[in-house]
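Chemist: For reference, the structure I am asking about is given below.
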Amino acid sequence: MSTVFISYRREIAAGEARALSNDLAKRLGENSVFMDVDSIALGRDFRSVLQEVLASCDLMLVLIGRNWVDVKDKEGRTRLEDPGDFVRLEIEAALKRDIVVTPVFVQGAQMPDPEKLPLEIKDLAYRNGFELSHSRWESDVGEMIRRLGLDVPVAGRQIGSIMRAGNRPLPTGATVPPNRCCPADSAGYLITRDQMYFTLRINEMHLAENRQWWTDYDPLVVVVTEFNHAQERVVVPTIIGPNLIGKQAPTDQPRYGLVLLDARVTGPHPYRGGDVDISVGFYRVQRADHARALLNIVDSLSAALGAPGELRTIVKTGGALLQGVEGLLGLRETTYLAGHRVSMATSPFDPFTAGYSAIITPPAPADLVALRVEDRRLHIDARGGSRPYRDSDFLLLSFTGSEARGDENLLPFYP
């Protein structure tokens with residue numbers, strides 16, 4: 001679970017900070033929220049505690065009330081102009097780490113003018129903020145939690161916590177820019193709300209030449225897609241395991257190399273607006289009897305969830321699948337290899353667009369900018385052009401949009 005740091009001025013927004021801290025603690029857990037008054041034990045040096053938390057927190061909420069930028073000290077000096085001001089130091093440390101720093105406006109306040117902020121925290125003025133109103137406090141807090149990706153359903157939180165556990169090798173995920181995708185019209189175009197359908201595919205699953213695959217270990221890919229549908233937030237889980245991979249393999253025991261091509265993960269689903277979040281985990285499961293049996297059950301259940309047109313059935317039965325996934329990921333025989341979370345259409349300035357993302361296990365390329373996509377396949381720059389990327393295990397995912405479903409004959413009401 002993410003650790004949320006609440007930065008505020010007591011003389012400006014102490015009440016709002018207290019209310020927000022309580023609400024976040026109820027939803028996320030007390031250990032997931034840091035607020036200086038409650039979070040620092042008596043007798044501890046608050047300066048060292050702040051440094052420790054700022055070095056490890058996942059995101060910061062900066063509460064900005066009326067006159068926040070103009071607050072003065074006893075000598076009449078603007079507090080933010082003091083290099084030793086704790087609010088300034090908190091924001092500066094978070095911006096340097098480039099974590100999520102979200103201005104939260106209370107009391108009707110607005111974003112300060114960049115020219116009124118010290119150079120060290122000027123970038124705060126360009127961070128996308130959120131307003132909490134007194135009359136809509138509860139619903140506003142819930143919406144903010146959702147948009148920050150903190151209100152992930154239980155199974156999603158379980159997958160997320162496992163993906164963060166241990167010594168996570170970085171980098172593991174890379175979005176390929178549209179100008180490095182060929183053909184040119186395969187990425188970068190808008191997926192329009194209420195007019196288009198979106199589909200997520202695994203275009204390539206490559207297993208490097210490791211003889212342990214299929215003898216000691218089975219590959220497992222867990223994909224959780226969250227989006228808006230029929231005025232509610234739905235979660236669609238998908239499992240890519242040996243059963244699906246075997247259907248594309250020329251033999252019953254695929255070894256290594258390209259073992260999966262252009263497999264649909266979810267969709268086509270109508271895009272109803274709002275953000276679309278995709279969490280992907282890439283694992284290996286040791287071929288112990290109990291682990292393999294559970295993997296086969298989860299794999300088979302995923303394949304039987306239903307056609308894309310039966311979304312409500314998928315959502316209802318997906319809960320059982322996610323419980324199985326939770327058990328499987330909790331086994332010591334399951335090893336996390338790589339993961340990636342993609343959040344799209346998080347604001348009107350960041351619309352939902354088609355594109356590609358790659359998830360790569362170590363050793364990853366030293367320069368991820370060298371990656372490109374050619375005809376739905378992952379390539380890397382090489383002398384005189386490019387070559388197919390084959391240096392490690394990887395997944396290549398695509399997000400595409402279309403004005404027609406293309407699968408009408410699979411729908412239960414198709415004539």
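Just so it is clear, none of the values below were taken in a lab; they were calculated from the coordinates. Note that the coordinates shown come from a computational prediction; the quantities given were computed from them, not determined experimentally. For neighbour counting, all protein chains shown are included, and Cβ atoms are generated from backbone atoms with ideal geometry for every residue, glycine included.
Chemist: Could you work out the Rg to Rh ratio of region 4-147, with Rh taken as the Kirkwood radius (inverse of the mean 1/r over all Cα pairs)?
Modeler: Over the Cα atoms of region 4-147, Rg/Rh equals 0.93.
Chemist: First select every other residue whose beta carbon is under 9 angstrom from the beta carbon of residue 132; then total the charges, Lys and Arg +1, Asp and Glu -1.
Modeler: -2
Chemist: Can you find, among 124, 109, 25, the residue sitting farthest towards the positive end of the charge dipole of region 4-147, where Lys and Arg contribute +1 and Asp and Glu -1 at Cβ?
Modeler: Of the options given, the answer is 25.
Chemist: Hey, another quick one. Where in region 81-109 does the amide nitrogen come within less than 11 Å of the point 7 Å from the Cα of residue 73, taken along Cα to Cβ?
Modeler: Label zone hits: 81-86.
Chemist: If Lys and Arg each add +1 and Asp and Glu each add -1, what is the summed charge of the other residues whose beta carbon sits under 11 Å from the beta carbon of residue 381?
Modeler: +3
Chemist: Using label points projected 7 Å from each Cα along Cα→Cβ, tell me how many nm separate residue 185 and residue 264, to one decimal.
Modeler: A separation of 2.2 nm, rounded to one decimal place.
Chemist: Calculate, for residue 81 and residue 243, the FRET efficiency according to 1/(1 + (r/R0)^6) with r their C-beta to C-beta distance and R0 51 Å; round to the nearest 0.05.
Modeler: Efficiency for this residue pair is about 0.20.
Chemist: Counting alpha carbon pairs within less than 8 Å and at least 6 residues apart, what relative contact order, in whole percent, applies to region 344-392?
Modeler: 25 percent.
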